[in-house]
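Taken together, the values in this text are just the output of simple stated rules run on the coordinates, not laboratory data. These numbers were taken from a predicted model, which means no experiment stands behind them. Cβ placement follows ideal geometry from the backbone for every residue including glycine, while neighbour counts extend to all protein chains displayed.
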Amino acid sequence: MNRHDRLHAALRGGNPDRVPVSAWGHWYLREMSAEAFADVMVEFQQRYDWDFCKLHARASYHAEGFGFRHRPSTRADTVHETLHSPIATPQDWRKLRPLPLSTPALAEQLQAIDLVKRALGDAVPVIMTVFLPLDIAYKLSDKNGAMLAEHIHADEEAVASALGVFTETFVPFIEAVVKRGVDGIYFSTKWANAHRLTEPHYRRLARPFDLAMIEAAKSLPCNLLHLCEDGIYLDALSDYPVAGFHWESQTKGNPSPGTALKRLPGHAAVAGGVDPYTLAHGRPAEVRMKAEDAIRQADGRRFVLGPGCSILTAATPHENLQALRDASRS
């Protein structure tokens, strides 16, 4: 099988010749321009011969056009320093307006996709990262979850108006990404878990906006939904129209791959398997053991092997990434 056939078979419940595998993480020193970001994505893909290239863009690209500012990091292991967030009061959410595709941060990402596609050609599936609206709000507030929760409690309509603005901005962005020939969108949220909102509250506030963004990518065969942190609401979001669900399965309170496959609809796949801490600090044998256990739980079907969340790129040794890749070929 080629990479496309293998990934499609895994995500559609077919019989891939082996489990597809990939990895991704932030390259803080090389994610600040389209050219540098595209170069590191291509280098990482070609070094490990991953089954797909997951474009792990800097998180702040979603928020920069709305007034979020940061100072680029000078260390490979350190996130960029926040200089300004435009959100301080609930009323600030009402001041936001939709952004055009010409917004520099958005145009930069579209250019990066073009560069990656040109370098990799059609042989490698490409999946782009886009945060869902409530996660964009979290980033715009400088990841101040307590403040965002307070604003939701004080004036939920104000926050909801901002989620509408984010949706109006990113639906056209997703449509532009689709036109560039990617294979899927990796939708991500940190707010669909027990530490943020109750399950009914998340569904009431976030679901309509989530689904509007996912709908914009419905023509793509490899859309994934990442549920970040522990205590995830997998069952509540199991009807989201994506090909697969991704989370850190070795975090307390989250289901294992085998357990999740019994709970998810018959068409849905699971992605993940090895936690970023083991990838960064464990031995290659430990990485391989966890990877092979996850593959066994899924019986080699409806499963995509990878990290449970972003790898720590500056701390993760080559030998451990090689072990992750080799586990899929065993």
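Counted over all Cα-Cα pairs of the stretch 7-130, pairs farther apart than 27 Å make up 30 percent. Counted over the stretch 113-271, the DSSP beta bridges are approximately 5% antiparallel. Ordering T251, S161, L220 by Cα displacement along the dipole of the chain toward the positive end leaves L220 in first place; charges were set at the Cβ atoms of Lys, Arg (+1) and Asp, Glu (-1). Only Lys, Arg, Asp and Glu carry charge here, each on its Cβ (+1 for the first two, -1 for the last two); on that basis the stretch 1-43 has a dipole of about 300 debye about its Cα centre.
Annotation: the antiparallel percentage among DSSP beta bridges lying fully within the chain is about 15. Using the alpha-carbon atoms, what tilt in degrees (0 to 90, nearest 10) does helix 104-120 show relative to the longest principal axis of the chain? Orientation of helix 104-120: about 20 degrees from the principal axis. Its residue count N fixes a reference of 2.2 N^0.38 Å for the stretch 209-306, and the Cα radius of gyration divided by that reference is 1.10. Extension gain for the segment A314 to H267, taken as residue separation times 0.36 nm less the Cα-Cα distance, is 13.3 nm to one decimal. Computed on the chain, with alpha-carbon pairs under 8 angstrom and 6+ residues apart, the relative contact order is 22 percent. When the label point is put 7 Å from the Cα of A236 along its Cα-to-beta-carbon vector, which residues of the stretch 185-215 have a backbone N closer than 13 Å? Residues 190-208 fall inside that zone. Placing unit charges on the Cβ atoms of the charged side chains and taking the dipole of the chain about its Cα centre, the candidate lying farthest along the positive direction among A23, S330, G184 is S330. If you fit an axis through the alpha-carbon atoms of helix 318-327 and take the longest principal axis of the Cα set of the chain, what angle between them do you get, 0 to 90°, nearest 10? On a 0 to 90 degree scale, this one is about 70. By the scheme Lys and Arg +1, Asp and Glu -1, what is the net charge of all other residues having a beta-carbon under 10 Å from that of D210? With Lys, Arg at +1 and Asp, Glu at -1, the neighbours total 0. Maximal additional length on extending the E150-H201 stretch stands at 17.0 nm, based on 0.36 nm per residue less the C-alpha distance. The slack in the chain from S330 to K179, taken as 0.36 nm per residue of separation less the alpha-carbon distance, amounts to 50.8 nm. The C-alpha radius of gyration of the stretch 3-327, expressed as a fraction of 2.2 N^0.38 Å, stands at 0.94. Let a ≥ b ≥ c be the square roots of the eigenvalues of the Cα gyration tensor of the stretch 135-268; is it rounded (a/c under 1.5), or, if not, prolate (a/b larger than b/c) or oblate? Taking the square roots of the gyration eigenvalues as a ≥ b ≥ c, the stretch 135-268 is oblate.
As a proxy for reagent exposure, V42, V116, V287 were ordered by neighbouring Cβ count within 10 angstrom, fewest first; the result is V42, V116, V287. Counting charges near L261 (Lys, Arg +1; Asp, Glu -1) among other residues having Cβ under 10 Å from its Cβ returns a value of +3. Scan around V130 for amide H atoms under 5 Å from its own, H built in the peptide plane at 1.01 Å from N, and keep only partners 5 or more places away or cross-chain. Placed amide hydrogens put Y186, F187, S188 under 5 Å from V130.
Rounded to the nearest 500, the 222 nm mean residue ellipticity of the chain from helices alone is -13000 deg cm²/dmol, with -39,500 (n - 2.57) taken per DSSP H run of at least 4 residues.
Approximating the spin labels as points 7 Å out from Cα along Cα→Cβ, the A36-to-A123 distance works out to 2.9 nm.
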